[in-house]
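K.L.:
Take a look at this one; I'll ask things after.
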Amino acid sequence: LGSIYGPDAVGLLTGDVAHRPDGQVVVMTTEVLRNMLFTGSPQLRGIGLVVLDEVHYLQDPYRGSVWEEVIILTPAPVVFVCLSATVSNARELGEWIASVRGPTDVVVETKRPVELVNHVALADRRSRRVDLVPVLADGKLDARAIALDQRASARRRPHGAHHPRLAGPRRSELVEALDERAMLPVIVFIFSRAACDDAVRQCLGDGLRLTSGEERAEIRRRCEEHTEGLSDDELRVLGYGEWSTGLEAGLASHHAGLIPAFRETVEDCFAAGLLKVVFATETLALGINMPARTVVIERLTKVRGETRSGLTSGEYAQMTGRAGRRGLDAVGHAVVVWAPGVSAAQVAALATSPAPDLRSSFRPTYNLAVNLVRRYQADQAHYVLDRSFAQFLDSRHRDALSRRLDRALRLLEDFGYVEIDAWRLTARGARLAGIY
């Protein structure tokens, strides 16, 4: 953006960084915008356009409500552009936005700009040779994928152990195999911050070095540039030496646990083509412009609260959406690491299934209630609560049930039940009518 509009016109506002907040174009977190709306910030005067990237995040159980609050609370003249690659019910979402903000155009593009090839990666336990088995061929399960699943299921030992020749490749083995096939740079998604850092140490310990002397010198320069505001003692406490050593080898981790200076360095070096491997949590798939030639997903399950469950097709699409760089790659690659219990058919289902319908996670929190009471009259506060996507979907559901009830009442009248009051409809009558 700075190269288009000029560096003085573009700002950044997050919980950690405030850089040119009065710029003509300001990139900010949704939470910052919501708080500015509640406080009536003068910085919002004259605002003409809000771009909500990754708008499907409004279904996030912890932070999703903020997206809805922003859409509802932003003054009417402001135009919204909402972007997402994983919303199946885009028209339903568009109808809700139209009910809140006025006429809304829904634009749906189904063609991927860069073709995606899906693979399963496995290694021979004896030779340690890494194979990348393609999953799909002409939209159907590839013959080699079918053979892999048959091999895995037919050669089970007692007690469920798989055939000893099948194994998932080690991280360094997989990176080397991708390098040999000219499939770098790669983003490896690991659903743990600590595991991302451990992966860098593991690959360094295995002797991986993926950069040239010139690249190492440029990485060193960028590391020093981004961290020049930190003292030597601070850098020592933050583990600067180990971190920069990994970057100079072409390896880095990226997650919310890194300080902003470290994250910005990783993003800068990766965008410049200096880093070859980034081990990242799924937050990198949301709103950060870091496409790669290849994306690796280490596990098809993740922890959600106190339970572990499988990835959804929407989450798979979101992460693999980073594979394939426009203008640079003819195809992008998505690689799932094989493990007992992982099948090519399962990967194919994730790759070809549409994302689940977007649903609201809106809930009136104490923070929202206090701000509504402080900023709005009672009728206005109720209006805001009634305009949520959750309420919109609930109203549709009630309308559908009401229509079913009307049909049931007419059916009962046809059976000889006359002058039926819907409020006195018995459970038995409802069951007879087939409405529950």
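The values are calculated or read from the model by the stated rules, or taken from the named source; none is laboratory data. Not measured: the values here are computed from a predicted model. With ideal geometry, Cβ positions are generated from the backbone for all residues, glycine too; neighbour counts draw on all protein chains shown. Note: accessible area is taken over every heavy atom of the protein model, side chains too, but ligands, DNA and RNA are not part of it. Shrake-Rupley method; radii C 1.70, N 1.55, O 1.52, S 1.80 Å.
K.L.:
So residue 172 passes all but one of these: (1) assigned to a helix (DSSP H, G or I); (2) open to solvent by 50 Å² or more (accessible area, probe 1.4 Å). Which condition number does it fail?
P.N.:
(2)
K.L.:
Quick one: residue 200 ticks every box in (1) outside any helix (DSSP H, G or I); (2) touching a residue at least 60 places away in the same chain (Cβ under 8 Å); (3) open to solvent by 10 Å² or more (accessible area, probe 1.4 Å) bar one, so which box is it?
P.N.:
Every listed condition holds for residue 200 apart from (1).
K.L.:
Moving on to the next point. Quick one: in the range 91-130, which of the residues that are in contact (Cβ under 8 Å) with a residue 12 or more places away in the chain and of a type in the set (Gly, Ala, Ser) is surrounded by the fewest Cβ atoms within 10 Å (Cβ to Cβ)?
P.N.:
102
K.L.:
Given the condition more than 29 Å from residue 203 (Cα to Cα) and under 18 Å from the mean Cα position of the chain (by Cα), answer yes or no: does some residue in the range 283-292 qualify?
P.N.:
Taking every residue of the range 283-292 in turn, none turns out to be more than 29 Å from residue 203 (Cα to Cα) and under 18 Å from the mean Cα position of the chain (by Cα).
K.L.:
Continuing with this model, one more query. Quick check: anything in the range 209-216 touching an Asp or Glu at 6+ places or on another chain (Cβ under 6 Å), without any contact (Cβ under 8 Å) to a residue 60 or more places away in the chain and open to solvent by 10 Å² or more (accessible area, probe 1.4 Å)?
P.N.:
Among the residues of the range 209-216, at least one is touching an Asp or Glu at 6+ places or on another chain (Cβ under 6 Å), without any contact (Cβ under 8 Å) to a residue 60 or more places away in the chain and open to solvent by 10 Å² or more (accessible area, probe 1.4 Å), which makes the answer yes.
K.L.:
Moving to a separate point now. Select the strands (runs of 3 or more DSSP E) contained entirely in the range 299-355, then report the ones holding at least 2 residues which are of a type in the set (A, V, I, L, M, F, W, C) and either more than 19 Å from residue 196 (Cβ to Cβ) or in contact (Cβ under 8 Å) with a residue 24 or more places away in the chain (or both).
P.N.:
The strands (runs of 3 or more DSSP E) meeting that bar are 331-337.
K.L.:
I'd like to check something: does the range 136-145 contain any residue that is within 25 Å of the chain's Cα centre (by Cα) and either surrounded by 13 or more Cβ atoms within 10 Å (Cβ to Cβ) or over 22 Å from residue 336 (Cβ atoms) (or both)?
P.N.:
Yes, that holds for at least one residue.
K.L.:
Answer yes if at least one residue in the range 323-335 is open to solvent by 30 Å² or more (accessible area, probe 1.4 Å), closer than 25 Å to residue 84 by Cα and among the basic types (Lys, Arg), and no otherwise.
P.N.:
Within the range 323-335, one or more residues are open to solvent by 30 Å² or more (accessible area, probe 1.4 Å), closer than 25 Å to residue 84 by Cα and among the basic types (Lys, Arg).
K.L.:
For the range 18-36, what are the residues that are outside any helix (DSSP H, G or I) and surrounded by 15 or more Cβ atoms within 10 Å (Cβ to Cβ)? Quick ask: steps written out before the conclusion?
P.N.:
Residues of the range 18-36 outside any helix (DSSP H, G or I): 18-29.
Once the filter is applied, which keeps residues that are outside any helix (DSSP H, G or I) and surrounded by 15 or more Cβ atoms within 10 Å (Cβ to Cβ), the range 18-36 yields 20, 21, 23, 25, 26, 27, 28, 29.
K.L.:
Counting only residues that are part of a helix (DSSP H, G or I) and buried (at least 19 other Cβ atoms within 10 Å of the Cβ), which one in the range 37-56 is nearest to the chain's Cα centre (by Cα)?
P.N.:
Residue satisfying both the conditions and the ranking: 56.
K.L.:
Would you check which residues across the range 343-368 are open to solvent by less than 50 Å² (accessible area, probe 1.4 Å) and modelled with pLDDT under 90 and list them?
P.N.:
Across the range 343-368, the qualifying residues are 355, 358, 360, 361, 362, 365, 368.
K.L.:
Picking from 265, 294, 320, 245, which residue would you name as being open to solvent by less than 50 Å² (accessible area, probe 1.4 Å), within 18 Å of residue 218 (Cβ to Cβ) and modelled with pLDDT of 90 or more?
P.N.:
265
K.L.:
Go through the range 61-90 and give me each residue that's at pLDDT below 85 and open to solvent by 20 Å² or more (accessible area, probe 1.4 Å).
P.N.:
Scanning the range 61-90 gives 61, 62, 63, 85.
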